[in-house]
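**Student:** Just passing along the structure, written as structure tokens.
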Amino acid sequence: MIDMHTEFGQRVARRLREERIGWLTTVDEKGVPQPRPVWFLWDDDGFLIYSRPDTHKLHHIARNAQVSLHLDGDGLGGDIVIFTGEAAVSSDTPPADQIPAYVAKYAPGFLRIGMDAAKFAQDYSVAIRVRPVKLRGH
């Protein structure tokens with residue numbers, strides 16, 4: 001999906017490693033897009049996101065798996081990265097505190113919200129996988 005032979009592809013790959021916040025957009029029961037900031041980990045299968053149980057985003061995904069995930073631009077209309085794809089709850093993904101790359105990426109965030117990795121994994125116990133279908137941007 002990401003063409004590493006292009007400057008854009010290399011920039012996308014770098015941002016996916018370094019960015020801590022992405023914007024996941026689900027669609028509610030009235031068809032209204034509902035964007036929200038999320039923590040994510042990019043791996044070979046797409047995005048891994050953890051959620052608290054019984055959230056609106058989980059209800060939206062259960063009704064309509066079509067989502068988008070984008071990264072913030074540069075504030076001037078550039079550095080745009082937008083993925084569209086399908087989201088699903090994953091029952092076979094280990095808890096967040098058992099994913100070393102996730103723990104390493106978000107250790108400062110855990111502290112900022114007054115948690116450690118184990119408490120985060122307990123509270124954000126639902127794993128969501130987003131399988132990207134299309135990438136666009138510039």
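The values are calculated or read from the model by the stated rules, or taken from the named source; none is laboratory data. Bear in mind that the values here come from a model prediction, so they are computed numbers and not experimental data. Note that each Cβ is placed from the backbone with ideal geometry, even for glycine, and that neighbours are counted across all protein chains shown.
**Student:** Among the residues in the stretch 49-56, are any part of a helix (DSSP H, G or I), in contact (Cβ under 8 Å) with a residue 12 or more places away in the chain, over 14 Å from the mean Cα position of the chain (by Cα) and closer than 16 Å to residue 124 by Cα?
**Tutor:** Going through the stretch 49-56, the residues part of a helix (DSSP H, G or I) turn out to be 56.
When the remaining residues are screened for being in contact (Cβ under 8 Å) with a residue 12 or more places away in the chain, the result is 56.
If we keep only those that are over 14 Å from the mean Cα position of the chain (by Cα) as well, we get 56.
Pick out the ones that are also closer than 16 Å to residue 124 by Cα and you get 56.
For the stretch 49-56, residues part of a helix (DSSP H, G or I), in contact (Cβ under 8 Å) with a residue 12 or more places away in the chain, over 14 Å from the mean Cα position of the chain (by Cα) and closer than 16 Å to residue 124 by Cα: present.
**Student:** Does residue 75 meet the test of being over 28 Å from residue 123 (Cα atoms), outside any strand (DSSP E or B) and in contact with a strand residue (DSSP E or B) (Cβ under 9 Å, 6 or more places away or on another chain)?
**Tutor:** Values: over 28 Å from residue 123 (Cα atoms): yes; outside any strand (DSSP E or B): yes; in contact with a strand residue (DSSP E or B) (Cβ under 9 Å, 6 or more places away or on another chain): no.
Criteria not met by residue 75.
**Student:** So in the stretch 37-48, with the set limited to residues that are free of Cβ contacts under 8 Å to residues at least 60 places away in the same chain and exposed (fewer than 14 other Cβ atoms within 10 Å of the Cβ), which one is farthest from residue 135 (Cα to Cα)?
**Tutor:** 37
**Student:** Kindly indicate the residue of the stretch 86-98 that is under 22 Å from residue 133 (Cα atoms) and of a type in the set (Asp, Glu) and also surrounded by the most Cβ atoms within 10 Å (Cβ to Cβ) among those meeting that condition.
**Tutor:** Taking the stretch 86-98 and keeping what is under 22 Å from residue 133 (Cα atoms), we get 86-93.
Applying the additional criterion that residues be of a type in the set (Asp, Glu) yields 86, 92.
Details: 86: 15, 92: 6.
Across the stretch 86-98, the extreme among qualifying residues is 86.
**Student:** Looking only at the stretch 99-119, which residues are under 16 Å from the mean Cα position of the chain (by Cα) and either surrounded by 13 or more Cβ atoms within 10 Å (Cβ to Cβ) or among the basic types (Lys, Arg) (or both)?
**Tutor:** 99, 102, 103, 105, 106, 109 - these are the residues of the stretch 99-119 that are under 16 Å from the mean Cα position of the chain (by Cα) and either surrounded by 13 or more Cβ atoms within 10 Å (Cβ to Cβ) or among the basic types (Lys, Arg) (or both).
**Student:** Could you tell me whether residue 7 is over 19 Å from residue 137 (Cα atoms) and out of contact with any Ser or Thr (no Cβ under 9 Å at 6 or more places or on another chain)?
**Tutor:** Working: over 19 Å from residue 137 (Cα atoms): no; out of contact with any Ser or Thr (no Cβ under 9 Å at 6 or more places or on another chain): yes.
So residue 7 does not fit the description; no.
**Student:** Let me ask something else about it. Among what's in the stretch 20-43 and is within 19 Å of residue 97 (Cα to Cα) and of a type outside the set (Val, Ile, Thr), pick the residue that is modelled with the lowest pLDDT. I'd like the intermediate steps shown before the answer.
**Tutor:** Pass one, the stretch 20-43, residues within 19 Å of residue 97 (Cα to Cα): 20-21, 38-43.
Those left that are additionally of a type outside the set (Val, Ile, Thr): 20, 39-43.
Working: 20: 96, 39: 98, 40: 98, 41: 98, 42: 96, 43: 90.
Across the stretch 20-43, the extreme among qualifying residues is 43.
**Student:** Condition first: out of contact with any Gly (no Cβ under 9 Å at 6 or more places or on another chain), in contact (Cβ under 8 Å) with a residue 40 or more places away in the chain and surrounded by 14 or more Cβ atoms within 10 Å (Cβ to Cβ). Now tell me which residues in the stretch 58-85 satisfy that.
**Tutor:** Narrowing the stretch 58-85 to residues out of contact with any Gly (no Cβ under 9 Å at 6 or more places or on another chain): 58-63, 74-78, 84.
Applying the additional criterion that residues be in contact (Cβ under 8 Å) with a residue 40 or more places away in the chain yields 58, 61, 78, 84.
58, 61, 84 - these are the residues of the stretch 58-85 that are out of contact with any Gly (no Cβ under 9 Å at 6 or more places or on another chain), in contact (Cβ under 8 Å) with a residue 40 or more places away in the chain and surrounded by 14 or more Cβ atoms within 10 Å (Cβ to Cβ).
**Student:** Let me ask something else about it. List, please: which pairs have Cβ atoms under 9 Å, are six or more places apart or on different chains, and start with a residue in the stretch 18-29 that is in a strand (DSSP E or B) and end with one that is buried (at least 17 other Cβ atoms within 10 Å of the Cβ) and basic (Lys, Arg)?
**Tutor:** Pairs that qualify, where the first residue is in a strand (DSSP E or B) and the partner is buried (at least 17 other Cβ atoms within 10 Å of the Cβ) and basic (Lys, Arg), are 24/57; 26/57.
Results for (1) hydrophobic (A, V, I, L, M, F, W, C); (2) modelled with pLDDT under 95; (3) part of a strand (DSSP E or B); (4) more than 17 Å from residue 68 (Cα to Cα), shown as yes or no for each residue.
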| residue | (1), (2), (3), (4) |
| --- | --- |
| 97 | no, no, no, yes |
| 101 | yes, no, no, yes |
| 105 | no, no, no, yes |
| 109 | no, no, no, yes |
| 120 | yes, no, no, yes |
| 127 | yes, no, yes, no |
| 130 | yes, no, yes, no |
| 135 | yes, no, yes, no |
